[in-house]
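Reading through the structure tokens given below for one structure.
The values are calculated or read from the model by the stated rules, or taken from the named source; none is laboratory data. Note that this is a predicted model, so its numbers are computed, not measured. When we count neighbours, we look across all protein chains shown, and the Cβ atoms used for this are built from the backbone with ideal geometry, even at glycine. Surface accessibility is based on the protein's heavy atoms, side chains included, excluding ligands, DNA and RNA. Shrake-Rupley method; radii C 1.70, N 1.55, O 1.52, S 1.80 Å.
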Amino acid sequence: MATERGRLLAIDAGTTGVRAMLVAEDGSVVARGYREFPQSFPQPGWVEHNPDDWWTALQAATADALAAGATSTGDVSAIGMTNQRETTIVWDRATLEPVHPAIVWQDRRTAPMCERLREEGWDERIHERTGLLIDPYFSATKIAWILEHVDGARGAAAAGRLAFGTVDSYLIARMTGGVRHVTDRTNASRSMAFDINRLEWDGEILDRLGIPASMLPEVLPSVADFGVTASDALVADGVPVRGVAGDQQAALFGQACSSPGATKNTYGTGSFVLMHTGDRPVRSAGGLLATVAAGAASSPEYALEGAVFVTGAAIQWLRDGLGLIEAAAEAGPLAASVPDSGGVVFVPALTGLGAPWWDPYARGTIVGLSRGTTRAHLVRATIEAIAHQSADVIDLMRAEAGLDLAELRVDGGAAAMDVMLQVQADLLGVPVRRALVHETTALGAAYLAGLGAGTWSGPAELRSLWQSDRLFEPRRGSSEATRVERERWRRAVERSKGWAAPN
């Protein structure tokens, strides 16, 4: 179904910058724009942003994309937005001015508050209702911190003058001139205060944290009417915002993973693995998170999510910490210059271990060194570790969801390494398919907006538009070799656990 104005504007408001991308009706990328914004670290463990910097970067990136695509503002049919999740902003409804800098998802200042919740026995209730674990990562305790520490904030919130939102909510408020205070289910599901079963804010959790329900945005499906642009916003007056999703759910949708068992992995600084689980949330006993997936229908869809802390960051450590390579691009060819790691196993627990191990006291471990070990073997062991960590998460997902994995779709910077993706296919025993468009978060936002604007008919049409760059088939004829490698990896993981734990 064609629209009157054919191009979609996707906005990806990330942690370090904002990307704008123009997408045509055939799903191709017409043009891109990108602008970084400053980071602030006022105390150890604290990470903040100035929300005005997001708005400035968004305007500049959009202008760059429109200019590069020779597109006028009147040629944009709809806007889709994806964003860094969990980052928390509280602002004045009348002026749209934040009462405090945005507290970024990486911020750990609310760890004591989370510990008190655990001591009070909230673990099971929060996990059952929200699908999450109690952690400063999520938004709810960040809101409570702002209300507790900003002069006058609690009274203003009780009087209904303050609004909370994640990045999508705040930017939509700015884009619509303050008319709309909305979010989508995927972002709400990362707050630790949203019941993913009933699809509504949880009053009991809000009461415990002292958060007035009046602060919270209206929660909509990921394809919905999120408002229209005001005359002084990014594009022409009255352009509809039709799609919103948190970045990892947008990437799942951008990979056309919209049916149960469809799985994607984004290999960035860390890795985020998401498996679509259909119309039911899967309760994980192994440390995975249940979350709402982005979808085209009003009925909810769900996913399992597992986060690996260090993947691409391990390549950076080889470059900056050890000096084994001069540039990250050297890692793939150097690893491919040897047939295997020569018996070396590297567990890159440089900041502890994430899913499925969840050991903050684990530390990086290299075992199996010999006189024959070269820098190529160490780089190869690092590449293999990225694949092993992802396999740990995916194996658990298969077991807990009870779903078959036909293939793994991948994106992210480290996915450029052919040798790593081949190892990943070998370890999983399923094909690994790399996306042609690497910016799958922005592409997912464009897909959602296009569905809302009538550009495309549904997920089936989007699956036909999605394009692969390359397919990596498992090479091994014997499962025994993979079994031995996986067992050796697990032995190394056990040696890395608990290393930094106090006596």
J(HN,Hα) series, the stretch 132-147, from Karplus relation 6.51 cos²θ - 1.76 cosθ + 1.60, nearest Hz, glycine and proline x: 10, 9, 5, 6, x, 3, 8, 7, 4, 6, 5, 4, 4, 5, 4, 5
From DSSP H assignment alone, runs of 4+ in the chain each adding -39500 (n - 2.57), the sum over residues rounded to the nearest 500 puts [θ] at 222 nm at -10000 deg cm²/dmol
Can you quote the Å³ per residue value for the convex hull of the Cα atoms in the stretch 317-384, rounded to an integer? 97
Suppose we keep just the DSSP beta bridges with both residues in the chain; what percent of those would be antiparallel, to 5? 70
Global geometry of the stretch 133-266, whether rounded, prolate or oblate, following the gyration tensor of its Cα atoms and the 1.5 cut on a/c: oblate
Quick one: net charge of residue 198's neighbours, Cβ under 13 Å, K/R +1, D/E -1? -3
For the chain, the accessible surface attributable to carbon and sulfur atoms (probe 1.4 angstrom, ligands and nucleic acids excluded) amounts in percent to 50
Roughly what % antiparallel, to the nearest 5, for the DSSP beta bridges in the stretch 1-154? 70
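Assuming 0.36 nm per residue, please report the length gained on full extension of the stretch residue 473 to residue 351 beyond their Cα-Cα distance.
Contour length minus Cα-Cα distance gives 40.7 nm.
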So for the stretch 203-292, using the alpha carbon gyration tensor with a ≥ b ≥ c as root eigenvalues (a/c under 1.5 gives rounded; past that, a/b versus b/c decides prolate or oblate), I'd call it oblate
I want to check the label-to-label distance for residue 237 and residue 367. Put each point 7 Å from Cα in the C-beta direction and report it in nm to one decimal. 6.8
Return the FRET efficiency for the residue pair residue 63, residue 340: r is the Cβ-Cβ distance, R0 is 41 Å, and the value is rounded to the nearest 0.05. 0.25
Residue 97 and residue 199 label points (each 7 Å along its Cα→Cβ direction) are spaced in nm at 3.8
Tilt, helix 51-68 to longest principal axis of the chain (alpha-carbon atoms), in degrees rounded to tens, equals 80
proj_area_mean for the chain (convex hull on C-alpha atoms), units nm², value 23.2
Averaged per residue, what accessible surface does the stretch 366-453 expose to a 1.4 Å probe, in Å²? 30
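May I ask you to compute the full-extension gain from residue 118 to residue 280, defined as 0.36 nm times their residue separation minus their alpha-carbon distance, rounded to one decimal in nm?
Stretched out fully, the residue 118 to residue 280 stretch lengthens by 55.7 nm.
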Stokes-Einstein D (µm²/s) once Rh is taken as the Kirkwood radius of the stretch 26-108 over alpha-carbon pairs, at 4 °C in 1.567 mPa s: 87
What's the extension gain from residue 464 to residue 418 if we count 0.36 nm per residue and subtract their Cα-Cα distance? 14.1 nm
Before I look further, what does the stretch 88-208 give for accessible area per residue, probe 1.4 Å, in whole square angstrom? 36
